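The values are calculated or read from the model by the stated rules, or taken from the named source; none is laboratory data. For clarity, every value in this text was computed on a predicted model and none was experimentally measured. For neighbour counting, all protein chains shown are included, and Cβ atoms are generated from backbone atoms with ideal geometry for every residue, glycine included. Surface areas here come from the heavy atoms of the whole protein model, side chains and all, with no ligands, DNA or RNA. Shrake-Rupley method; radii C 1.70, N 1.55, O 1.52, S 1.80 Å.
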Amino acid sequence: MAKLYLRTFGCQMNEYDSAKIADVLRATHGTEPTARPEDADLIVFNTCSVREKAQEKVFADLGRVRHLKRAKPGLMIAVGGCVASQEGAAIIERAPFVDVVFGPQTLHRLPQLLERRRATGTPQVDISFPLIEKFDRLPPPRTEGARAYVSIMEGCSKYCSFCVVPYTRGEEVSRPFADVVAEIATLARQGVLEVTLLGQNVNAWRGEIAGRAADFAELLAFVCEIPGIERVRYTTSHPREFTQRLIDAHAALAKLAPHVHLPVQSGSDRVLAAMKRGYTALEYRSIIRRLRRARPAISVTSDFIVGFPGETDADFEATLALARELELDDSYCFIYSPRPGTPAAELPDTLPQDEKLARLQRLQAQIRSQADAIAERMVGSVERALVEGVSRRRSDELAARTGNNRIVNFAAGRERIDCFVDVRITARAAHSLRGEPLE
Ligand code: SAM
Ligand code: F3S
């Protein structure tokens, strides 16, 4: 049986795509996963180019597996994901031992690309955007456990001035309503209780339901009705299309998790405009206030970029203030990384690196203490948590995920793995919670 070593960098979309790559290759080539590149017959890197550091890793990693081809001449090496999409044939030029380069929208063609490589002896590159064709060519979804991700839209048409995603993944395309619902129903029949709807901007989803135009809020209502599905999450959403209808859905749909990840990037209107985000800090605040009115216990996490070209001390203070006032929960903070081909890369970037780092650390420390305070307030409450498995630290305990996306560890029998359990939170630990199950 052929062995596949698959390494994934970057976001949840890439994790999702990697699961699909493994599925496709299992269906066509009967491959089995391996954790050791030296055992592999096929090595696949699913890459990320959203920040410079992520991009650099690809060539370092390729360099590390190159020698394996000498011992095993039949070994194939493929590079997919956003670096592949951006660099295309340039990857083969820089690393001629690579056999196949494929993009996020052509991963379903990987088996044919590998075959063509074998038949012709020349490396194959396909980074086109046949978009939704991908889903029609993938094997039926398969899952282990009670949680699953389902892509509902691909690509992004927002063109934030700093971001490569619209160039690497193409424009926004929604998957048809019937396909999304059928996939989730299949997963539910396999025992999935919690589904996360996935996309770069899930709230840009548009479709047709029973012959009428429908939006993301309506899709959510239907997904919550699928028998067996008990909890629904989505990521990532964008403030620009965070409509009142979507806010109302959080009041109306009890199965929607009390957590929203809504990237804000900055608290300064000047910086938001330069980023071409399409909203002001006030508009963002208004969304969060209305969301909390609809669902008081909702946890909001975000993404931040510090050190964007031209960001002043005052701009950065506005970001700190926004994060504090909105009591944002555990969030991702990044230092701005100029990406070739994006408009922001042309802007003069004069802020010294140590100042950027100092801002990053201040923001991270503040967010960390806000997240700790939220966890502290959870002590004493009862949380409905989905058990993911045995706790990492103690084999006699289970680890479960709360509605607001925190891990809670508690003593209980393994028969409760993949079940929802009501847990009383008893204490806060460094990066998790402790609790006891209610009978
Ligand atoms: N669709 C999401 C949204 O609504 O903004 C963002 C997707 S992006 C892959 C994930 C995060 O990476 C962004 O929210 C942003 O904070 C960060 N990011 C993107 N481009 C970046 C860059 N050039 N430098 C630093 N961080 C970046
Ligand atoms: Fe990137 Fe902005 Fe889209 S951050 S993924 S261009 S919403």
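Taking the options 52, 154, name whichever one is among the acidic types (Asp, Glu), open to solvent by 60 Å² or more (accessible area, probe 1.4 Å) and on the phi < 0 side of the Ramachandran plot. Quick ask: steps written out before the conclusion?
Numbers: 154 fails: open to solvent by 60 Å² or more (accessible area, probe 1.4 Å).
On inspection, the qualifying residue turns out to be 52.
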**Message:** Please determine whether any residue of the range 25-41 is crowded, with 19+ Cβ neighbours inside 10 Å, aliphatic (A, V, I, L, M) and within 20 Å of residue 135 (Cα to Cα).
**Reply:** yes
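Report those strands (runs of 3 or more DSSP E) wholly inside the range 327-439 carrying at least 1 residues which are under 30 Å from residue 312 (Cβ atoms) and open to solvent by 40 Å² or more (accessible area, probe 1.4 Å).
Correct list: 332-335.
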**Prompt:** Can residue 180 be described as away from ligand 2 (no atom under 16 Å from the Cβ), open to solvent by less than 30 Å² (accessible area, probe 1.4 Å) and among the β-branched types (Val, Ile, Thr)?
**Reply:** yes
**Message:** Take the conditions more than 30 Å from residue 258 (Cβ to Cβ), without any contact (Cβ under 8 Å) to a residue 60 or more places away in the chain and in contact with a Pro (Cβ under 7 Å, 6 or more places away or on another chain) and apply them to residue 109. Does it pass?
**Reply:** no
**Prompt:** Only one of (1) farther than 25 Å from residue 303 by Cα; (2) aliphatic (A, V, I, L, M); (3) touching a Ser or Thr at 6+ places or on another chain (Cβ under 9 Å) fails for residue 385. Which number is that?
**Reply:** (1)
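Applying the selection to the range 147-166, what residues are closer than 18 Å to residue 12 by Cα and within 16 Å of ligand 2 (Cβ to nearest atom)?
Initially, the range 147-166 is screened for residues closer than 18 Å to residue 12 by Cα, giving 147-156, 163-166.
If the condition is that a residue be closer than 18 Å to residue 12 by Cα and within 16 Å of ligand 2 (Cβ to nearest atom), then 151, 152, 153, 154, 155, 156, 163, 164, 165, 166 are the ones that fit.
For every residue, the table says whether it meets (1) outside any helix (DSSP H, G or I); (2) touching a residue at least 40 places away in the same chain (Cβ under 8 Å); (3) in contact with a Cys (Cβ under 6 Å, 6 or more places away or on another chain).
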| site | (1), (2), (3) |
| --- | --- |
| 129 | yes, yes, no |
| 135 | no, yes, no |
| 139 | yes, yes, no |
| 150 | yes, yes, no |
| 168 | no, yes, yes |
| 179 | no, yes, no |
| 185 | no, yes, no |
| 188 | no, yes, no |
| 191 | yes, yes, no |
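Can you tell me which of 233, 206 is among the basic types (Lys, Arg), modelled with pLDDT of 95 or more and over 27 Å from residue 400 (Cα atoms)?
Details: 233 fails: over 27 Å from residue 400 (Cα atoms).
The match here is 206.
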**Request:** For residues that are over 25 Å from the mean Cα position of the chain (by Cα) and touching a residue at least 24 places away in the same chain (Cβ under 8 Å), scanning just the range 374-385, find the one that is farthest from residue 435 (Cα to Cα).
**Result:** 376
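Answer with yes or no whether residue 120 is over 19 Å from residue 200 (Cβ atoms) and β-branched (Val, Ile, Thr).
On the way: over 19 Å from residue 200 (Cβ atoms): yes; β-branched (Val, Ile, Thr): yes.
Criteria met by residue 120.
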